[in-house]
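Chemist: I'd like to ask you about the structure that follows.
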Amino acid sequence: MKQTKILAAVVVAISFLSSSCGSSDYLQSVQLTSNGASAGGFFNLAGIDGTLQLEANAVYHSGKTVPVTNEVTYTVTLVGTQADGSPLLAYGPNSVPIDTTGLMTAIASMCTWVDVGNPVPTPPKYNWEYTGYYQVVANYRGMASQPVAIGVGSQAGNAPDGTCGPQASTN
């Protein structure tokens, strides 16, 4: 009987230590963001050799955030078409590669945006919509980030000035 009480006390103590005070921090989510030309949160690879810097952060249960951009792998899914209706180019080194530092570059010439409205003059502001985009997800330690949609505007588009997608912060 005495051994049972001692065993029960040990089990309770181990449970307490592993469930609260002694708990280790654990990965809760992975967040993917991008810096570059955008319009309302939609990202664009503007111009041939245009770049976007992707940034991945591991978010832990404690609230701690750790940059992990150089440690993630990327999954890229093609969604939609180019503005002229032709298929998006397959993701890879000859289209829109992502290097180990998270830098995404527009190598190929394509346009995945249309201007759906009349520009407001001085300075012109266009109403851009995707016709297609590259959906990027960062993967870190078995966990996937939320998807980030990235259009490509590396050739002429249908805007009055010939641009394709947001080119600068004023678009």
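Chemist: Could you compute the net charge surrounding residue 156? Neighbours are other residues with a C-beta less than 14 Å from the C-beta of residue 156; K and R count +1, D and E count -1.
Modeler: Charge balance near residue 156 sits at -3.
Chemist: Measure of size requested: the Rg and Dmax of the range 87-161, with Cα atoms as the atom set and Å as the unit; please supply both.
Modeler: In Å, with Rg to one decimal and Dmax whole: 15.1, 48.
Chemist: Still on this structure: Under a crude label model (7 Å from the Cα following the beta-carbon direction), how far is residue 61 from residue 73 in nanometres?
Modeler: Distance between the two pseudo-spin positions: 2.6 nm.
Chemist: Another question, if that's okay. Using 0.36 nm per residue of separation minus the Cα-Cα distance, give me the extension gain between residue 116 and residue 100 in nm, one decimal.
Modeler: The span from residue 116 to residue 100 would gain 2.2 nm if fully extended.
Readers should treat all values here as calculations from the given coordinates under stated rules, not as data from a laboratory. Being a predicted model, the structure only gives us computed values, none of them experimental. Note that each Cβ is placed from the backbone with ideal geometry, even for glycine, and that neighbours are counted across all protein chains shown.
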